[in-house]
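> Take a look at the following structure, please.
Laboratory data are not the source of any read-out in this text; all were calculated from the coordinates shown. Since this is a predicted model, take the numbers as computed values, not measurements. Neighbour counts are summed over all protein chains in view; Cβ atoms, including those assigned to glycine, are modelled from backbone coordinates with ideal geometry.
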């Protein structure tokens, strides 16, 4: 998955050892798993060469990082005839989320 | 590595099978490897759930994606005492690039 952090999200991630992002659409911290229970325990924080991107290694509770129920958000592969679903679906989002996600 | 694409970079990546990004600092297409020769052959293009992020699976020529000579740009791990270099250095950037990179 890819998500954004602001300084507060980064500080809380480091302090708690749980992944916290910043939702630009909602304009507030997004404590990953706050609704689904599928939290992420941070195993390592890696910083890239120019220091503006972070890679988290996590233990993903619920075995799926994506709100669609797929293990990875990158579950569609482009082909000449359009996207092909190559992902592993772990859960039914309707059973996990009370409200539908976009 | 993480980089940006614009529509032109994406179209050229699909058409040529080589990774092309958009350099926001230089304001132009960045054909990965144009200076170092370390091009990336695109093996797969994956799109995320909300369709605004792309994950490329590539064959990395030169065995290093990072201009510092590390295999990965994410070669520093944060620790309580500061960043630790955990990366694999594949080449000497001074030998590969004529001009120093930031």
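> Of the conditions (1) in contact with a strand residue (DSSP E or B) (Cβ under 6 Å, 6 or more places away or on another chain); (2) within 26 Å of residue B:24 (Cβ to Cβ); (3) away from chain B (no Cβ under 13 Å), residue A:26 satisfies every one except a single condition; which number is it?
The number of the failed condition is (1).
> Filter the range B:41-56 down to the residues that are within 9 Å of chain A (Cβ to nearest Cβ) and in a strand (DSSP E or B) and list them by number. Walk me through it before giving the result.
From the range B:41-56, those within 9 Å of chain A (Cβ to nearest Cβ) are B:44-55; that's our starting set.
B:44, B:45, B:46, B:47, B:54, B:55 - these are the residues of the range B:41-56 that are within 9 Å of chain A (Cβ to nearest Cβ) and in a strand (DSSP E or B).
> Which residues, taken from the range A:6-23, are closer than 23 Å to residue B:55 by Cβ, more than 13 Å from chain B (Cβ to nearest Cβ) and either part of a strand (DSSP E or B) or in contact with a helix residue (DSSP H, G or I) (Cβ under 9 Å, 6 or more places away or on another chain) (or both)?
A:19, A:20, A:21, A:22
> Pick from B:67, B:38: which is surrounded by 16 or more Cβ atoms within 10 Å (Cβ to Cβ) and within 8 Å of chain A (Cβ to nearest Cβ)? Quick ask: steps written out before the conclusion?
Details: B:38 fails: within 8 Å of chain A (Cβ to nearest Cβ).
Answer to the selection: B:67.
> Restricting to the range A:78-89, and then to whatever is touching a strand residue (DSSP E or B) at 6+ places or on another chain (Cβ under 7 Å) and not in a strand (DSSP E or B), can you tell me which residue is surrounded by the most Cβ atoms within 10 Å (Cβ to Cβ)?
Per the criteria, the residue is A:87.
> Does any residue in the range B:77-95 that is within 14 Å of residue A:54 (Cα to Cα) come within less than 6 Å, Cβ to Cβ, of a residue that is part of a loop (DSSP other than H, G, I, E, B) six or more places away or on a different chain, and which pairs are these?
B:77/B:86
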